[in-house]
Structures are given as structure tokens and as C-alpha cells.
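Notes to accompany the following structure.
Derivation of every value follows stated rules applied to the coordinates shown; laboratory data play no part. On a predicted model such as this, the values are computed, not experimentally measured, just so you know. All Cβ positions, glycine included, derive from the backbone under ideal geometry; neighbour counts span all protein chains shown.
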Amino acid sequence: MSAAPAYLMHTSARQPVSFSRGQGASLWDTEGVEYLDAIAGVAVTSLGHANLEIAAAIAEQTTLLLHTTNLFRIPWQEQLGERLCLLSGMQRAFFCNSGAEANEAALKLARLHANARQVAQPQVLVMDNSFHGRTLATLAATGNPAVHHGFEPLMPGFVRVPYDDIEAVRRVAAQSPGIVAVLVEPVQGEGGVHAASAGYLQALRQLCDEHDWLMMIDEVQTGLGRTGTWFGFEHAGIAPDVITLAKALGNGFPIGACLARGKAAELFSPGHHASTFGGNPLACRVGCTVLDIMQRDHIPQRAAASGQRLLAALKRALGNHPEVVSVRGVGLMIGIELNRACAELVGRAREEQRLLITVTRGTTVRLLPPLICDDAQIDDIAARITRLLSPAA
Ligand SMILES: *Cc1c(COP(=O)(O)O)cnc(C)c1O
């Protein structure tokens, strides 16, 4: 395969491999070599590749109706909205096509909330090392200077604090009367696989109530079973005002959603926000099919059990490894932090172990296996990682 695609903009550093088909947690490259997929398209294909129930839903819907616009009622969209609200405790849904767009909708809700409160210079509290997307608003919300670089001036209206540090929030709350909302990930994925403590999210909920801030949880990566519960916020037993979803909702078919409850659910009125493709019959039917399978097969519970199994196996194998600083995770969102830069492991895992992984923050191997992995596949991932990290003979 040639070095880099000549006619594509240089937005991704692509690995020199391409896949022609998949099945469950396996992928086959164009040469027919099989790989074990421990990233699931970055937390997207939670139900595995080439899921036949999803394929059948897509195939049938394409013969019926793809698109009508939101000028008309769309039953699949109404069904998906209701089901996501019942699962999450939210009350209304807005559908779009990606995670960044879902967060844009949330940020627009924060602006309308500010407007209703007559806050002239509204600010949204965001976290160091966060990731919320690549549009101009969501990149400004993102806590990573590399994402900002070259795109200044950044959209104003964000205040940033260290993650999982409630005293830092209290300090800026005292200094910044313009704060109207908080946007936070329950587990920072791109930020190196760090989970917020339950006590932190509970205290944040309390501050949101005291100050009339919207508590907006970015569940784009953590949502829909990834952390072993339907949503990451459930680990803290809190009820957010807004949550955003995307990645796993379509199992690879593009769809995003912003869900809200209480007064946040009533902020949008016609003319405020829209998306041509958002909530189309095909995407929403796929979303409903994903929920059918996840509910029937108890996917969040399976992810919790598989996550514990994988974490325990990795801790057993790597607990005394001289380079391993920490093995951590929630559900099937797992990070192995090394005491050195380890980006080269991505290529070595692929070539030597036929295992697909990513590295975040330069030093943390990140695993996001499909949630449908069985015990043998989970053990296989642990074994391949262990071989990858064991010193060369
Ligand atoms: C992937 C991700 C996004 C962005 O989603 P896109 O679909 O790539 O726009 C936003 N937030 C989090 C937490 C993510 O992991």
C-alpha cells in the first residue's frame, strides 16, 4: 500500500492497512489477514462488525424511505427519542449526525439558558484534557492545546478547570458569575482514560443546583453500555440536565443525539436549531435496532463483566511490569499507562500481534473492544497485550 492518499486532506495519520470485511470482533485486511479489534472504530461498533440484525434493518429501510426532512413527523425518530429518554431519565431528544454536533446542540442550550437568565457574558465550565469534538465551538471546549493550535481566535465563553477537582470548580464559581453550564465527560477517553470520582460528579450536581447551571454530560464515548452501565453518569447516581450521545448509537451508521430534561428540555423552539439529515428514518431505525439488541442481550451488564475480566487479567499480567505505571478503566474502556512514550505500540500490536489498539496522550494504550466480545476474546486481547509488552526474548 502506498505511503499516503494523494487526494485526501491530511487530517488523519493513517496506518498502512485497509480492511475489506469484518465479523464481530474480527477484521480482515485486503490481503486476508485477520485482526482482533480492540478499538471498535473508537467506541463505535460496540455490537461488532457486520451485525446481521442491523444489516437487515438498514437493508429494509433503504427500500422504504431514507429521508423526508424534519418538516414532517418521523415515527422512527419519535420512537428512538422516547426509548433514549426512558433509558436515561431525560425528557426530550434532538437528533444530529455526530458527537461534535450533539455537543454543539448542548452548547446552544447553554446559550439559551444564559439568555433566559439574562446573563450577558455566559461561560461554560469545561475541563483540562477534555475532548468534545472538532467544530469551532467544540474544539474551544476541548482541553487540549494541540486541538486548538492554528485555529485561534477560539470561540469565547469557556472557563477551564482541572478534571475531578471540586475545589477548583468552587474557586472559579466564586470568581465567574457568568457561568451557566458545565460540560464534562464521566470518563475522559481521549484524555487518557481517567474516570471522574462519583463524589466529584455528585458535588458538581449540587453546585449546578445552587448556581442554576445546566449539568451537561458528554456521553459520546461513554454512553450506551461502554462503561458497564447504560450511561457513564449512572456510576455517580446523579441526574444530569443534558447528555450527548453519538458513537455507539448507530454501530457505525452516523447518528448523534442531545437529550435534555426539565427546563433544559424546553429551551429550543422552532427556528432555534435544526439539521437536514438529523433524525432521518434510516439513522433512527438503526438506533432503535441497536437498542433492541443491547436491551435483549443485556449488553451493558456484559460489558461490566467483560471489563472486570479484562482489567483483572491485565493487572495480573502487567502489575509488576517495569514500564507500566497504571492499569485502569471502567467497563470496556481501559487504559494502560506506561512510563514512556509508546505511540510505536500501535504499529507493533498490529503487525506482531494482529491486534488493533490506540494510544492516547502519548503514553497510554487504550482499549475499547466491542461490547459483544466473549470471554475467550477478552482473554485473547489480554494475552496479545501481555506479549506485546513483554521484553523481547
Ligand atoms: C468522539 C468524541 C466526540 C466527537 O464526536 P464526533 O462524532 O467525532 O464529532 C465528542 N466527545 C467525546 C467524549 C468523544 O469521545
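Here's how it looks for T358: its modeled amide H is under 5 Å from those of R366, which are all 5 or more places away or on a different chain. With the radius of gyration and the Kirkwood radius both derived from the Cα set of region 1-87, what is their ratio Rg to Rh? Result for region 1-87 is an Rg/Rh of 1.08. Charge dipole of the chain (Cα centre as origin; +1 on each Lys and Arg Cβ, -1 on each Asp and Glu Cβ, all else neutral): 240 debye, rounded to the nearest 20. Figure legend: label point modelled 7 angstrom from the Cα of V172 along Cα→Cβ; residues of region 211-251 with amide N under 15 Å from it are 213-218. By the rule of a C-alpha distance below 19 Å, with chain neighbours fewer than 8 residues away ignored, the aspartates and glutamates paired with K263 are E82, E104, D209, E210, D212, D218, D241. Work through the residues other than R302 whose Cβ is under 14 Å from its Cβ and net out their charges, Lys, Arg +1 and Asp, Glu -1. Taking every other residue near R302 into account, the sum is 0.
So, in Å, what gap is there between the alpha-carbon centers of region 54-109 and region 137-158? So the separation of the two Cα centres works out to 28 Å. Counting charges near A246 (Lys, Arg +1; Asp, Glu -1) among other residues having Cβ under 15 Å from its Cβ returns a value of -3.
When each of the peptides 260-266, 292-298, 14-20 is scored by how many other beta carbons lie within 10 Å of its residues on average, the order from highest to lowest is 260-266, 292-298, 14-20. Distance between the modelled labels on K315 and V17, one decimal in nanometres: 2.9 nm (7 Å Cα→Cβ projection).
Fully extended, how many nm does the chain gain between L71 and D292 (0.36 nm per residue separation, minus their Cα-Cα distance)? Gain on stretching L71 to D292: 76.8 nm.
As a rough guide to protection, the peptides 97-109, 50-62, 124-136 ranked by mean Cβ packing within 10 Å, highest first, stand as 97-109, 124-136, 50-62. For the chain, just say rounded, prolate or oblate: build the C-alpha gyration tensor, square-root its eigenvalues into a ≥ b ≥ c, call rounded for a/c under 1.5, and beyond that prolate if a/b exceeds b/c, oblate if not. It comes out oblate by the Cα gyration axes.
Return the calculated 222 nm mean residue ellipticity for the chain, to the nearest 500 deg cm²/dmol, obtained by summing -39500 (n - 2.57) across DSSP H runs with n ≥ 4 and dividing by the residue count. Helix contribution divided over all residues of the chain: -11500 deg cm²/dmol.
For the pair V325 and D165, a Förster radius of 22 Å applied to the C-beta separation gives a FRET efficiency near 0.60, rounded to the nearest 0.05. For the peptides 243-256, 204-217, 168-181, the ranking by packing is 243-256, 204-217, 168-181, with the highest mean count of neighbouring Cβ atoms within 10 Å listed first. For region 190-272, the spherically averaged projection of the C-alpha convex hull amounts to 6.7 nm².
Going by the alpha-carbon gyration tensor, a ≥ b ≥ c the square roots of its eigenvalues, is region 32-133 rounded (a/c under 1.5) or, if a/c is not under 1.5, prolate (a/b greater than b/c) versus oblate? Oblate is the answer for region 32-133, as a/c is 1.5 or above yet b/c matches or exceeds a/b.
Over what distance in Å are the Cα centres of region 325-382 and region 269-318 separated? Centre-to-centre (Cα) distance: 20 Å. Using only Cα atoms, locate the centre of region 26-48 and the centre of region 172-191, then give the distance between them in Å, rounded to an integer. One Cα centre to the other: 34 Å.
Comparing A140, G237, G256 along the charge dipole axis of region 65-296, the residue lying farthest to the positive side is G256, per the Cβ-charge model.
The share of Cα pairs per 10 Å bin across region 65-296, counted from zero up to the longest distance, runs 8, 35, 37, 17, 2, 0 percent.
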